[in-house]
Amino acid sequence: MARESPGYRDQLESIITAFPKGERLTVADVAHYTGWSRRVVSRIFPFKELDGIKFITRTTLARLLS
C-alpha cells in the first residue's frame, strides 16, 4: 500500500475547509482555490466528466497538490 505524501492530510483539511459540501470540485472551484486560471487548472489536473460537468475529487486534488 502506498504511503501518503508529506502534507497530504494538511492539504486535504484545507480543501475540506474551503469546500465543506460535496466531494466533487469543478474547474471553477479548483481555479478559485489555487488562484490559477481555469485554463491552467483544466490542463494540469485530471478532471473527469459526468453529465457534461468536469470534476475532480477533493482527495485526488489534495494528493496532487501535496
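Sequentially through the stretch 35-44, phi angles give Karplus couplings (6.51, -1.76, 1.60; θ = phi - 60°) of x, 9, 6, 4, 4, 5, 4, 5, 7, 7 Hz, Gly and Pro residues having no value and appearing as x.
Ordering K48, K21 from the fewest to the most neighbouring beta carbons within 10 Å gives K21, K48.
Listed by Cβ neighbour count within 10 Å, with the fewest neighbours leading, D51, D29, D10 appear as D51, D10, D29. Taking only the alpha-carbon positions of the chain and ignoring solvent, what does the Debye formula give for the base-10 log of I(q)/I(0) at q = 0.13 Å⁻¹? Cα-only, vacuum Debye calculation for the chain: -0.34.
Coordinate-derived values only; no laboratory data. The structure presented is a predicted model; accordingly, all values stated were derived computationally and were not measured. Heads up, the Cβs are rebuilt from the backbone with ideal geometry, glycines too, and the neighbour counts pull from every protein chain shown.
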